[in-house]
Amino acid sequence: MEIKIIAEASTRLERETIGWGISFLIDGDLLFDTFSDENVLKENLSSSGVNVEDIRYVVISHEHWDHTGGLWYVLRENPKVKVFVCKNFSGEFKRKVKDFAAEFIEVSNPIEIKDSIFTTGEILGTYNNEPLPEQALVIKDNKLTVITGCSHPGIVRILKKIEEDFSYPIGLVLGGFHLMDKTQREIEEIVEEFTRIGVEKVAPCHCTGEVATRLFRERFKEDFISIKSGVVLEI
């Protein structure tokens, strides 16, 4: 199965020049998150050879602007997509999606979106001391590939829930781990938890942070995958 990194920004310079966030295309027709800037998403889809009308599913990890900015472009161009959101996303966000007449699926528990690709269901995190629901993706083969947006509920907590729900070894964890505000000691413990869980490969990006990215690289060595816009992964 192929994962295309449509848009990814993880540095201050990128945030100031092109935007912030992530957007990944999985198996040719499932878009996970939509970056912050719809023009960047549009241009990057085109340069990646992706026709927006061929997208059948859009999964939004959480409501923050850096993951939803391009959604409205996708819905304008292709209102036939199925949009998967957490049940406890805001009423305002859900009403805006419904205005485009797209099929709208609210998720609470893990469900299969398409063959071998699942949402974790809603996992409650916090942001600025306010509740923040989030979901991640799981691709199930002989091993699991986990794709995260920002991991506000905690990346280790997400992985442990996936372990419980899917009972398969975790081959790869890709996405934002949201460790920018953690101390080096806290990050080192999280890296250790990845090892204890048995994660084989990591591909941290976006909000993971420079220190955490370095520590993951040092620990996983050849099993560390560098992520940037335009990269294509085969899993």
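The values are calculated or read from the model by the stated rules, or taken from the named source; none is laboratory data. Keep in mind the model is a prediction, meaning the values are calculated, not measured. Positions of Cβ are backbone-derived with ideal geometry, glycine not excepted, and every protein chain shown enters the neighbour counts.
Computed values, structure above
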read-out: Leading residue by the ranking (modelled with the lowest pLDDT) among those in the stretch 89-103 that are under 22 Å from residue 120 (Cβ atoms) and surrounded by 15 or more Cβ atoms within 10 Å (Cβ to Cβ); value: 102
read-out: Residue within the stretch 118-130 that is closer than 19 Å to residue 93 by Cβ and either in a helix (DSSP H, G or I) or aromatic (Phe, Trp, Tyr) (or both) present; value: yes
read-out: Within the stretch 188-210, considering residues that are within 20 Å of the chain's Cα centre (by Cα) and farther than 27 Å from residue 140 by Cβ, the one surrounded by the fewest Cβ atoms within 10 Å (Cβ to Cβ); value: 210
read-out: Pick from the stretch 1-59, criterion assigned to a helix (DSSP H, G or I) and modelled with pLDDT under 95, ranking: surrounded by the most Cβ atoms within 10 Å (Cβ to Cβ); value: 14
read-out: The stretch 191-213, residues that are part of a helix (DSSP H, G or I) and under 24 Å from residue 67 (Cα atoms); value: 206, 207, 208, 210, 211, 212, 213
read-out: Yes/no for residue 91 being of a type in the set (Gly, Ala, Ser) and touching a His at 6+ places or on another chain (Cβ under 7 Å); value: no
read-out: Of residues in the stretch 66-117 being of a type in the set (Asp, Glu) and in a helix (DSSP H, G or I), the one farthest from residue 6 (Cα to Cα); value: 92
